[in-house]
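Notes for the one structure printed next.
The values are calculated or read from the model by the stated rules, or taken from the named source; none is laboratory data. No experiment lies behind these values; they were computed from the predicted model shown. Please note: Cβ atoms are built from the backbone with ideal geometry, for glycine as well, and neighbour counts cover all protein chains shown.
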Amino acid sequence: MTAITEFVSYEAEGDVGVITVDSPPVNALSFGVRAGIKGGIEAADADSSVSSVVLVCAGRTFIAGADITEFGKPPKAPSLHEVIAAMEACSKPVVAAIHGTALGGGLETALGCHYRVASPTAKVGLPEVKLGILPGAGGTQRLPRVVGVPMALEMITSGNPIGASKALEVGLVSEIIDGDLKEGAKAFARKVVADGLPLVKISDQNDKLKEARENPGMFADFRKSIARKTRNFEAPENCIKAIEAAVELPFPDGLKRERELFMELMQGEQSFSQRYFFFAERQAAKIPDVPKDTPLIDIKTAGIIGAGTMGGGIAMNFLQAGIPVIIVETTQEALDNGIAIIKKNYAATVSKGRMSQDAMDKCLSLLTGTTNLEDIKDVDIVIEAVFENMDVKKEIFTKLDAICKDGAILATNTSTLDINEIGAVTKRPEYVIGLHFFSPANVMKLLEEVRTDKTSKSVMATCMALAKRIGKVPAMVGVCDGFVGNRILHRRAEQATQLILEGALPQDVDRVLYDFGLPMGPFAMADLAGNDVSWRIRQGKGQKSPIADAICELGRFGQKTGAGYYLYKDGSRTPTPDPVVEDIILKASKDAGIERREISDEEILKRCIYPMINEGAKILEEGIATRASDIDVIWVYGYGWPIYRGGPMRYADYIGLDNVVKTLREYQEQYGDYWKPAPLLERLASEGKTFQDA
Ligand code: 3HC
């Protein structure tokens, strides 16, 4: 075996030259990998003992893409283009042997080979769009030449991979190898030689482009079909333009156009933020004071207290991960209702074709309901999801402590209450943790995990691993009112209310935040969640909010009652501004002695977003969040903050912390100390630093 570089080796195995990439963890195309593959191809070409070549990867996956850590650094030859060109030009058939995931530059490398074979569990895709870029090494030119334009448009603009059997069906791979992948690939390569099959250069193939050449309207239709999903994103449009170039231009010109469109995105803020977020998400899974090798508690079964909207949604996550769930309610009726809703949700997913009937049946077979708390005595983890009341939660945790086996984790889904206080009623506070799911809990990806002063490292490590198992993205935070997500949300809500008192209307505030990229503004969101919930909480605390209270007093609880801050005519989900609400707002302003004024969109945006940033800085300073990027993960996955703006903290870095501080100070002078910049923010700004340096 010859080492070509540190990460790539070449060996003649009989009459097949085998190039092996071994660059953990995911064989990304760093300089050493690129140079190694190119060198391997040159070695195979020159090796008279071999008549074909196999490219295979060691470890858990085929090449998972370009090395994202190299982005933004000066390019180092050979480029991936040069590597792929060398493979295409090789005088002997080159076969890619794919296992794990061939993603991005990894699939582009495979598309540079003359043939591809894959293991049955392999996945292939071009996920660059998720990083705010496009496949920049010929993917937009080669993929449509293999699978046709409609499928290439779908794969490249969604970034979603396809499985091996689909790849075989559409001709992206030639064979699925059931046994040893390398041996199977070698046998396939020998067959290519024996049968005198051609050295297929995808760049020469034009047949699959014909359909689009004859139907230019295809692109306009496709643009329309993804417009809502890709609102404000720059990358999908450039992906489409690059595929258009594949159809309209000769291959070399198409490649050039792809490059231009790629560079345009690479230099933009959106891709910077999306790449930042890729690493932010992976960082968030790590807790600095919890070592990687912390022993985990084996979670085989779960108990969920409460079969309401949250409890039911949480249960679905566990069922889908194959973990049996016992769900507990106080009455048979509530239990039956809760289980019926779970079944209805699954049935809807099946009818949309997103789940098979078999998978649904399997999930439901893992679900048991009970009204007897004792039935959960043997589960490994309990998640309490009853309504937000400290006394009720304390009573439940006292009982759980008595009933549950030693070593069981006791978690609460509270979104505001002090979990130290909840843990203190048990004899095992080290096993108590917050697992704050976001509604709808079977859909939203965020799991805000809350450690108390006593939560053990093993419980934390277990819950982080569990999150991944049930398809969630976790971030660990500390105890405070509202934790990270809702504490920041409250700052925005306060300003939204203040803005409509001073002169804006709900539709103004909502439009500005929607245009900024959020899925909806605060008033549309309140109507969706139900205004009665916060009304009851205010009543419980003896608090008042003149506009919100007046709206609730009219029974306008939001979408579910057909009216809230907006009207929802005939069951529509589209908010329509309502003069009745405007009257309520005008009266509230008058009662408060406020002379209403015109408020600019810029002021609305800053007044809503800057207090969030300031609160984020306080949260960081208090150590409630470990990193600024954890706050961003929480806001992107829990509240729909646009990923192309990275998260509120990354957005602040983008604007410049000195600019944020300057505006906060101006507001402080105008409106008082609510706006005082957080000390951490002031310090970073004065040192010319960013939150990422904090
Ligand atoms: N470059 C650099 N590092 C990468 C990487 C990449 N392309 N892909 C993954 N990593 C790193 C991760 O940061 C992580 O590092 P850490 O352990 O220090 O946190 C480690 O590899 C393992 O990654 P995951 O935790 O994500 O492992 P999983 O097993 O859950 O997932 C994966 C594996 C599906 C390959 C996932 O990592 C992934 O989706 N990677 C990115 C794939 C991608 O986007 N490829 C396209 C890159 S852009 C490109 O190719 C441009 C080209 O067109 C020119």
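Mind checking which pairs have a first residue in the stretch 133-147 that is farther than 10 Å from A242 by Cβ and of a type in the set (D, E) and a second that is part of a loop (DSSP other than H, G, I, E, B) and more than 6 Å from the ligand (Cβ to nearest atom), Cβ under 9 Å, 6 or more apart or different chains?
none
Only helices (runs of 4 or more DSSP H) wholly contained in the stretch 230-330 count here; list those with 2 or more residues that are under 30 Å from A465 (Cα atoms).
Details: elements: 235-248, 251-266, 269-284, 309-320.
Ranges flagged: 269-284, 309-320.
Suppose the filter is of a type outside the set (A, V, I, L, M, F, W, C), surrounded by fewer than 20 Cβ atoms within 10 Å (Cβ to Cβ) and touching a Gly at 6+ places or on another chain (Cβ under 9 Å); does Q283 pass it?
Working: of a type outside the set (A, V, I, L, M, F, W, C): yes; surrounded by fewer than 20 Cβ atoms within 10 Å (Cβ to Cβ): yes; touching a Gly at 6+ places or on another chain (Cβ under 9 Å): no.
In short, no.
Condition first: away from the ligand (no atom under 11 Å from the Cβ) and either small (G, A, S) or surrounded by 14 or more Cβ atoms within 10 Å (Cβ to Cβ) (or both). Now tell me which residues in the stretch 52-76 satisfy that.
Residues satisfying the conditions are S52, V53, V54, L55, V56, C57, A58, G72.
For N206, indicate whether it is surrounded by fewer than 21 Cβ atoms within 10 Å (Cβ to Cβ) and either closer than 21 Å to E108 by Cβ or within 16 Å of the ligand (Cβ to nearest atom) (or both). Outline the logic, then answer.
Values: surrounded by fewer than 21 Cβ atoms within 10 Å (Cβ to Cβ): yes; either closer than 21 Å to E108 by Cβ or within 16 Å of the ligand (Cβ to nearest atom) (or both): yes.
Criteria met by N206.
What is the one condition in (1) buried (at least 18 other Cβ atoms within 10 Å of the Cβ); (2) in contact (Cβ under 8 Å) with a residue 40 or more places away in the chain; (3) of a type in the set (G, A, S); (4) within 16 Å of the ligand (Cβ to nearest atom) that G163 does not satisfy?
(1)
Hey, L249 hits all of (1) crowded, with 17+ Cβ neighbours inside 10 Å; (2) over 30 Å from C463 (Cβ atoms); (3) of a type outside the set (S, T, N, Q) but one; which does it fall short on?
L249 satisfies every listed condition except (1).
Only residues that are of a type in the set (D, E, K, R), assigned to a helix (DSSP H, G or I) and more than 10 Å from L410 (Cα to Cα): list them for the stretch 421-439, please.
Scanning the stretch 421-439 gives a single hit, E421.
Any residue at all in the stretch 16-27 that's away from the ligand (no atom under 11 Å from the Cβ), under 17 Å from A3 (Cα atoms), in contact with a Phe, Trp or Tyr (Cβ under 8 Å, 6 or more places away or on another chain) and of a type in the set (G, A, S)?
yes
Which of the residues that make up the stretch 527-580 are among the small types (G, A, S), part of a helix (DSSP H, G or I) and at pLDDT below 95? Outline the logic, then answer.
As a first pass, look at the stretch 527-580 and keep what is among the small types (G, A, S): 529-530, 534, 540, 542, 545, 548, 550, 555, 558, 562-564, 571-572.
Still in the list and also part of a helix (DSSP H, G or I): 529, 534, 540, 548, 550, 571.
Passing the criteria: A529, S534, G540, G571.
Those residues that are without any contact (Cβ under 8 Å) to a residue 24 or more places away in the chain and in a loop (DSSP other than H, G, I, E, B), I need them from the stretch 347-386; list them, please.
Those that are without any contact (Cβ under 8 Å) to a residue 24 or more places away in the chain and in a loop (DSSP other than H, G, I, E, B): K352, G353, R354, M355, S356.
Report whether or not E108 is on the phi < 0 side of the Ramachandran plot and away from the ligand (no atom under 12 Å from the Cβ).
On the way: on the phi < 0 side of the Ramachandran plot: yes; away from the ligand (no atom under 12 Å from the Cβ): no.
Against the criterion (on the phi < 0 side of the Ramachandran plot and away from the ligand (no atom under 12 Å from the Cβ)), E108 does not qualify.
Could you list, ordered by first residue, the pairs with Cβ atoms under 9 Å in which the first is in the stretch 321-346 and within 29 Å of D298 (Cα to Cα) and the second is outside any loop (DSSP other than H, G, I, E, B) and aromatic (F, W, Y), at least 6 apart or interchain?
Matching pairs, first to second residue: P324/F318; V325/F318.
E598 - would you say it is of a type in the set (D, E) and loosely packed, with under 15 Cβ neighbours inside 10 Å?
Working: of a type in the set (D, E): yes; loosely packed, with under 15 Cβ neighbours inside 10 Å: yes.
When the stated conditions are applied, E598 passes them.
List the pairs whose first member sits in the stretch 482-507 and is of a type in the set (F, W, Y), whose second member is buried (at least 21 other Cβ atoms within 10 Å of the Cβ), and whose Cβ atoms are under 6 Å apart, counting only residues at least 6 apart or on separate chains?
F483/E448; F483/V450; F483/V477
Give the stretch 171-198 a look and list any residue that's assigned to a loop (DSSP other than H, G, I, E, B) and surrounded by 17 or more Cβ atoms within 10 Å (Cβ to Cβ), or say none. I'd like the intermediate steps shown before the answer.
Initially, the stretch 171-198 is screened for residues assigned to a loop (DSSP other than H, G, I, E, B), giving 171-174, 177-180, 195-198.
Hits for the stretch 171-198 are L172, V173, S174, I177.
What is the number of the single condition among (1) among the small types (G, A, S); (2) assigned to a helix (DSSP H, G or I); (3) more than 30 Å from T416 (Cα to Cα) that G593 does not meet?
Failed condition: (2).
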